[in-house]
Structures are given as C-alpha cells and as structure tokens.
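Chemist: Here you go, one structure.
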Amino acid sequence: MLIVDNIKKFLFPFYKNKKIKEIFVHLNNKNKNNVMLVGGCVRNYLNNEQIGDIDLATTLTPGEVIKKLANTNFKVLKTGIDHGTLTLQQDKEIFEITTLREDVSTDGRHAKVSFTDNWEKDSNRRDFTINAIYLDQNGKIFDPHNGRRDLKEKKIKFIGNPQQRIEEDYLRIIRFLRFSIQYKNFEKDKDTIKIIKKNIPGILKLSKERIFSEIIKITKLSNLSEVASNNEFKEIFEIIFPEFKYLNRLNALENKKLKKYIMLECNLVLALLLIDHSDNHNYFTHKYKTSNFLKEYLNFLHKYFYEAKKNRNFFSKDLKRNVFFHNKEKIISLAKFYYSLIKPKNLKKIDDLINEIKTLRVPEFPLTGEYLINKGFKSGRKIGEILKRVEKVWIENDFNLKKEDLNNLIKKFN
C-alpha cells in the first residue's frame, strides 16, 4: 500500500491539483514565483500524511491578488485582509492566500505586520522550522530553516529564539505541544522546556476560541495517550488544561481496537479527560464557550454513565427502552465511554453490544394526538398527559400492546 501511495504522490502530487495550478497560472509571472505553498499542506506532503487545508504565500498585495483573480472562476473573500489574508473559493474547495509579512510589533495575542516581498523575512516570523517550508508550482522546495531535515528527524524546533517566538503569540506553546505529540518528539532540551513553563501564564491573554480550536486538534491525535506516559509533558499539559484531570484514562487507548472506537469521536476523548462526579465538564464548556451540542453530549454521558453503573440492566434488559428514549447514536457513545472506563479489556462485549444497538429494532409509539382528536378528544394539555401515561405502559410491556389494549388505556386515563 505504501508503494502505491508513493507512486501516486510521484505521478499526481497535490500541487498539480487543477485548482491549485489555476492559482499559480493567474498569479505567477513567467519567470518569477509570486506564489508558493506553505505550512501544513507542504509538511504533510513531505511526510506522506493526508493533506488538509491548503495555504499559500505570495509577494503580491491583497489588492493585486484581487485584481489578478477578477473575472476568473475564483470567488475572493476578504476574510483577514487587514493581515494580508484572502480566502479563495471555487466550487466547494477553499484556499487561503496571505501576503508575505514581517512583524512590526506583537503583544502575545495580536501582531502588527507590514507586507514584504522577501521570502526569508516571511519565514522568520513563522513558529516552527517544519512550518516554514515553501513549495513552488514545479515542486521545488525553499527551506531557509532546514525544516525538511527536522521533519525527517521528527524534531519540533522554534525558528530563532524560542522566547521571542512565544512572546509573539502564546498559542505557540500549545501548538508546540500538539506537534511534539503528533511527531512523538518528547525528548526536549531543558532550556526550551524551561522557557515554555515560564511563559504559560501568557496563555491567559489568548481568546478561548483559539485555544479550543487547538484542543480539538489535539484530541484527534492518534497517539495522544503517550502524553500520560511522559511526566514532563503531562505536567505542562495539566498546568495549561487543569480540567483535564484524567490523562491516565487515555492508557485505555493503548488497545488498538478500543482506540479505533474512541478516536472516531473526538468529543469522546474530551469526555474521558473531563467527566467525573463533579461539574468539571460544565466548567470546561463554559470556560471555552463551546457549542450547545458538546454541552449536551457531555451532560448526557455524565448523567447516564453513573446511571448505567447503578443499573446492571442498562445495557441488557433495559437496552431497548434506553435506545427508544435517547437514540442509537447516544447509547453507542455511552457504551464506548462506559466500557473504556469499566471494562476496557472486554472487547468482545463492546463489539457485541455496539452491533446489538446498531441492529436493534425499536418501534414507534403507535398513538398520536391526531388519533385522540379523531376519537373525539379536544386538543390541549389533556391529550399530552394521556399519551404520556399510555406510552409508559406500552414501554413497560416491551413496546407490545394490541390496539384494543391501547384504546382501553385511553379510556382508563381519560
């Protein structure tokens, strides 16, 4: 499979993508590169990883880019024009292009920049050597900080002075952790670790949205569990994210099959890190202003995990009832969470349970308000109360009552 992937990469490199080529054609001069790819897409390409977001850098000003792309198939959005960034959209594909910049001043949160046409100056303001590798339209590399070598050796290095890079943007501390975990680079020089620890309070200057965006990327790392086995990284992690009280639970992810189940849901990783008897998870969602979906997801797992612990029939005799009330997706998430904590080694039980939930047929309640109105009832609260009481008896009888029995119950509760 690796050989096939390498052949595909050689014959069809991502920078030959039709839309990327179109950007190069419109913005490059005949004998000059005005545009190059940079950042994660280049890093992932060189490291044979899946390519996600496409970022480009250019010597052209935003105004020049807009002018050159007028009357093309690209829609140009001024998403970050004050910092030189435009978003190019064609069909459903999105590309970000940013004018080369150098920092004028920074406060650890925002930077004042000036535009430049000097590629090396632009590279100097980037965070890590592995993120300052540029790739032109012909696949030629410009690598002023030897990032390609560091990528090959899986070393995460700040560009220039770590203290200065961190002071420019304190989010770089969290990004340093993320890339170090991703590339399993836990052997750090003591000076860098010392500088990181010293600057952790600067993270308080950052918006919670920016931090949470990094948290989600961290929870998607397949080897996140390795943090728990490295004392130095674990200590830093716990200082930055004190709500993540249960890093040790990630040890359950050492089992490949269980890891597969968990990593399909990054929110499930958050649940493992957060949920206990307290309202720790609620504090976290409030602190980071998360979506209502995540709040409800964590609240559901919190409430019903402890209910499942008390009720030995929760995933057996009462399974159909619980799926009826909460839907299959929620109960599957709960089952994964429950068995990760209670019986992480009983994989057959988890497999069997998830398959049972997926194939479970849960009937719909056969009565509606309209049915009662057709029976002569007046619309209003009374109908809702009757339906609720009849439904309760129907569920207690394993969702199996004849029409005659249902009608008798309607009369009884009227």
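The values are calculated or read from the model by the stated rules, or taken from the named source; none is laboratory data. Bear in mind that the values here come from a model prediction, so they are computed numbers and not experimental data. Virtual Cβ from ideal backbone geometry, glycine too; neighbours counted across all protein chains shown.
Chemist: Pairs, please: C-beta under 7 Å, at least 6 apart or cross-chain, first residue closer than 15 Å to Asp55 by Cα and in the stretch 71-91, second among the acidic types (Asp, Glu)?
Modeler: Thr85/Glu96; Thr87/Glu96
Chemist: Taking the options Tyr371, Tyr304, name whichever one is closer than 27 Å to Phe244 by Cα and in a helix (DSSP H, G or I). Give the steps one after another, and end with the answer.
Modeler: Working: Tyr371 fails: closer than 27 Å to Phe244 by Cα.
Just one listed residue meets the conditions, Tyr304.
Chemist: Do we have any residue at all in the stretch 314-337 that's basic (Lys, Arg), part of a helix (DSSP H, G or I) and more than 24 Å from the chain's Cα centre (by Cα)? It would help to see each step written out before you state the result.
Modeler: Within the stretch 314-337, the subset basic (Lys, Arg) is 317, 320-321, 328, 330, 336.
Those still in the list that are part of a helix (DSSP H, G or I) too: 320-321, 328, 330, 336.
If we keep only those that are more than 24 Å from the chain's Cα centre (by Cα) as well, we get 320-321.
Checked the stretch 314-337: at least one residue is basic (Lys, Arg), part of a helix (DSSP H, G or I) and more than 24 Å from the chain's Cα centre (by Cα).
Chemist: A further question on this structure: If Gly384 passes every condition in (1) of a type outside the set (Asp, Glu); (2) assigned to a helix (DSSP H, G or I); (3) assigned by TED's automatic domain parsing to the domain that holds Met263; (4) touching a helix residue (DSSP H, G or I) at 6+ places or on another chain (Cβ under 9 Å) but one, which one does it miss?
Modeler: Tallying (1) of a type outside the set (Asp, Glu); (2) assigned to a helix (DSSP H, G or I); (3) assigned by TED's automatic domain parsing to the domain that holds Met263; (4) touching a helix residue (DSSP H, G or I) at 6+ places or on another chain (Cβ under 9 Å), Gly384 fails exactly one: (3).
Chemist: Quick check on the stretch 182-193: of everything there that is surrounded by 13 or more Cβ atoms within 10 Å (Cβ to Cβ) and of a type outside the set (A, V, I, L, M), which residue is modelled with the lowest pLDDT?
Modeler: So the first thing to find is which residues in the stretch 182-193 are surrounded by 13 or more Cβ atoms within 10 Å (Cβ to Cβ), and the list is 182-183, 185-186, 188, 192-193.
Those left that are additionally of a type outside the set (A, V, I, L, M): 182-183, 185-186, 188, 192.
Details: Gln182: 92, Tyr183: 91, Asn185: 81, Phe186: 77, Lys188: 74, Thr192: 91.
Top of the filtered list is Lys188.
Chemist: Please enumerate the residues belonging to the stretch 16-54 that are of a type in the set (A, V, I, L, M, F, W, C) and closer than 27 Å to Phe115 by Cα.
Modeler: The first filter runs over the stretch 16-54 and keeps only residues of a type in the set (A, V, I, L, M, F, W, C), leaving 20, 23-25, 27, 35-38, 41-42, 46, 51, 54.
Across the stretch 16-54, the qualifying residues are Ile20, Ile23, Phe24, Val25, Leu27, Val35, Met36, Leu37, Val38, Cys41, Val42, Ile54.
Chemist: Scan the stretch 268-287 for residues that are surrounded by fewer than 17 Cβ atoms within 10 Å (Cβ to Cβ) and either touching a residue at least 60 places away in the same chain (Cβ under 8 Å) or out of contact with any Phe, Trp or Tyr (no Cβ under 8 Å at 6 or more places or on another chain) (or both) and jot them down. Can you show your working first?
Modeler: From the stretch 268-287, those surrounded by fewer than 17 Cβ atoms within 10 Å (Cβ to Cβ) are 276-279, 282-283, 286-287; that's our starting set.
Correct list: Ser278, Asp279, Asn282, Tyr283, His286, Lys287.
Chemist: Please work out which one of (1) touching a helix residue (DSSP H, G or I) at 6+ places or on another chain (Cβ under 8 Å); (2) surrounded by fewer than 22 Cβ atoms within 10 Å (Cβ to Cβ); (3) not in a strand (DSSP E or B); (4) not hydroxyl-bearing (Ser, Thr, Tyr) is the condition Gln164 fails and give its number.
Modeler: In the conditions (1) touching a helix residue (DSSP H, G or I) at 6+ places or on another chain (Cβ under 8 Å); (2) surrounded by fewer than 22 Cβ atoms within 10 Å (Cβ to Cβ); (3) not in a strand (DSSP E or B); (4) not hydroxyl-bearing (Ser, Thr, Tyr), Gln164 misses (1) alone.
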